[in-house]
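These notes concern the structure reproduced below.
The values are calculated or read from the model by the stated rules, or taken from the named source; none is laboratory data. None of the values given here were measured: they were computed from a predicted structure. Cβ coordinates were reconstructed from backbone atoms using ideal geometry, including for glycine residues, and neighbour counts include every protein chain displayed. What goes into the accessible areas is simple: the full protein's heavy atoms, side chains included, and nothing from ligands, DNA or RNA. Shrake-Rupley method; radii C 1.70, N 1.55, O 1.52, S 1.80 Å.
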Amino acid sequence: YYVMDAAQEVKSRINIEDVISEYVQLKRAGRNFKGLSPFTNEKSPSFIVSPDKQIWHDFFFFLGGDVISFISEVEGLDFKGSLELLARKAGVDLSQFQMQNTSSQSSERLYRVVETAVNYYQVQLTKNDAPLRYLREKRGYEKQTILDFRFGYSPTGFNNLTVYLMSKGFTEEEMLQTGLCIKRNGEVIDMFRGRVMIPLSDAQGRPVGFTARQLKDDKNSPKYINTPSTKLYDKGRQLFGLSMAKEYIRKSGYAVVVEGNLDVVASHQAGVAQVVASAGTALTSYHLKTLQRFTGDVRLAFDDDRAGQEAAERTIPLAQELGIELSLITIPSGKDPDELIKKDVKLWQEVVDKPVYMVDWLIDKIENATDLKSAQGKRQFTTKVMAIVKQLKDQVEQEHYLRIIADKTSTSVDSINKKFTEGSTSPVIRLKKIKAEQVPVQKEVVEQRLREQHLLGIISAVVVLHPIISSLPEDLFSEDARKYIKDNKQLQQID
C-alpha cells in the first residue's frame, strides 16, 4: 500500500484552513488563523492554524498535527478513516494508490447498495399517503425532520426493492450481504415490506442499515425490525443519530443516550440535539468509547423500571473502566422521551439539564424497594449497594458511599467496612477523614494550565522568542506541558 503517496496527494488538493473552518470559526492573525478550541468550551482562542506549514495546534490540550490528524481527533476516526473522509472531500480516488484491497472495494459496493435503497424508500414515501400521514400526524414530525433523518417507506410487494437494485447493477449476493434481502425457497425477496423505514448511519453519516416500523400495529408481527448484523452494521457498535449529534455533543459537553430511535428524532426536532440511541441493545464498551471521543459526560434516559435499572448497573463498570462520568435522566410519570417532548418540550430540556449521578440513582431505587427497618432489609440493601460500590475505581468515592450505607442502615462504619472487605482481594478502604491537602484543588490546576497556555501562545506568536523554549526550566511547567515541549517539536514548526 502506498499510504504516504495517497496522504500527500489528498493534502495537496485541500487547504487545511478550509477543512478546519467547517468545525472552527477561524480569524486571520497575521500569517496564521486563530480560533476557539473545538475540544473544549474555552473563552479565549488558543487554537492556531498555519496555512504555510499546513498544520494546526491546540495550546489548551497540547495537541497538533496535519489535516489528517485533525480529522482523526474531531471525528474520532483512525488514520485510514480520516484519509478516506478527506479523499472524498478532495475528489481523490484512493484505489489508484492501491489503498483499497478486494475486501475494501467490496465494502464500498455495499455502502452504495444501502445508499441506493435509502433513496428508493424515500421516493416510495412520497408516493404513499398512509406512511406520510403516520409521520406527519401521528408522530408529529415536521417536513424538514423527515428529510433530515431520511425517512422512507418499503412497499408491500415481495420483491420491489430487489428488482430495483438489480436494475441498478447490484448482484443478489451484494443485496444479501447488506441484509436488505433474504433468500426464501431459492428466491431472493425484500427483507422489509409495508413498513416505515428509518436509515441507520455510521458516525460519518453513511447509511449502513435500517430500522423498520410497522405502519399499523399487528400483534402477529414485531413492531420494529432491524437490519441483521452485516459487514457494515453491528448493533454493538452502532449509535443511532451520532452523525447528526456529535457536534452538539462536543459543544454542549455531554451526550444523552435514549433507548428508542424515534426518541432521538423527537428530541432533535425539539432542539435538544446531543441525543443518540443504543440501537435497541444494551450499551457496550464500544458505544461508550465512541461517545468518549466527544465527551466524558454521558447521561442515560432509560426506562424507569427493573429492566432500566439492570441496564444501568451493567453500564457502570464499563464507564468506570473508561473514566466516563455516568448519570441518569429521570423522566416524570414513567413516560419515554418522545411522550414527554410531546407533552412539554421545556420539561424535557429541564430533566436533561439535571441528571442524577448513576450510583445515587441506583441507591435510591434499591432503598425504595427495600424495608430498611428490618434486619433482613438492611442486609439486602447493603449487599446490593456494596456490589455497585465495588465497581467504582476511586477509593474516596467508595468511602463516600460506604458512609451512606452506614447512615441509611443505622450501622457502624466499622461493621460496613468489615463487610465490604470480606472476601475481597482489593485493598482495604479505611474510613477516615480526608485531609484537605490530599485532594487536588481544581481551580489551581486550571489556573496553572491557563498560565502555561498564555506563555506558550506568546512564544509561538513571536518568532524571535522560539529559541527561548529550550532554555526554560522544566519545573516551570506541568507534566503535560513538559511532555509536549520535550516530545513534540511543533512549536518550532508554527512559523
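Can you list the HN-Hα couplings for the range 126-134, worked out from phi with the Karplus curve (6.51, -1.76, 1.60; θ = phi - 60°), rounded to whole Hz and with x for Gly and Pro?
5, 9, 10, 6, 4, x, 5, 5, 4
Leaving out ligands, DNA and RNA, what percent of the accessible area of the range 15-121 is carbon and sulfur, probe 1.4 Å? Write out the running numbers ahead of the final one.
Working: 2170 of 4770 Å².
The value for the range 15-121 is 46 percent carbon and sulfur by accessible area.
Can you give me the accessible area per residue for the range 48-189, using a 1.4 Å probe, in Å²?
Per-residue value: 47 Å².
Please report Rg over Rh for the range 170-248, where both radii come from the alpha carbon positions and Rh follows the Kirkwood definition. Display every interim value, and only then the final one.
Values: Rg = 13.9 Å, Rh = 13.8 Å.
Answer for the range 170-248: 1.01.
If packing is taken as the average number of other Cβ atoms within 10 Å across a peptide's residues, how do 408-414, 273-279 rank, most packed first? Write down the numbers at each step before the final one.
Details: 408-414: 13.7, 273-279: 24.7.
So the peptides 408-414, 273-279, ranked by packing, come out 273-279, 408-414.
With r defined as the distance between the Cβ atoms of residue 112 and residue 395 and R0 fixed at 56 Å, what FRET efficiency is calculated, to the nearest 0.05?
The formula returns an efficiency of 0.60 here.
If one computes the Cα centroid of the range 109-184 and of the range 28-73, what distance in Å separates the two points?
A separation of 41 Å, based on Cα centres.
To the nearest 0.05, how large is the calculated FRET efficiency for residue 43 and residue 234 if R₀ is 30 Å and r is the Cβ-Cβ distance?
The computed FRET efficiency comes out at 0.15.
Considering the convex hull of the alpha carbon atoms of the range 104-237, report its projected area averaged over all viewing directions, in nm², one decimal.
Over every viewing direction, the Cα hull of the range 104-237 projects on average to 8.7 nm².
Averaged per residue, what accessible area in Å² does the range 225-356 show with a 1.4 Å probe, protein chains only?
40 Å²
Going by accessible area, probe 1.4 Å, with all protein chains left in place, what is the ranking of 287, 400, largest first?
400, 287
Order 248-261, 179-192 from most to least packed using the mean count of other Cβ atoms within 10 Å.
248-261, 179-192
Translational D (Stokes-Einstein, µm²/s) of the range 208-358 at 37 °C and 0.692 mPa s when Rh comes from the Kirkwood sum over C-alpha pairs?
Values: Rh = 15.8 Å.
Value of D from the Cα-based Kirkwood radius: 208 µm²/s.
Cross-link candidates for residue 53: which aspartates and glutamates have Cα within less than 15 Å, leaving aside residues fewer than 8 places away along the same chain?
17, 18, 66, 495
Could you check how much of the accessible area of the range 196-352 is carbon and sulfur, as a whole percent, using a 1.4 Å probe?
Numbers: 2950 of 6310 Å².
Percent of accessible area from carbon and sulfur atoms in the range 196-352: 47.
For residue 63, which sequence-distant residues (separation of 5 or more, or a different chain) have an amide H within less than 5 Å of its own amide H, given hydrogens modelled in the peptide plane?
Amide H to amide H, under 5 Å and 5 or more residues apart or across chains, residue 63 pairs with 58.
Using alpha carbon centroids, what distance separates the range 244-283 and the range 349-363, in Å?
16 Å
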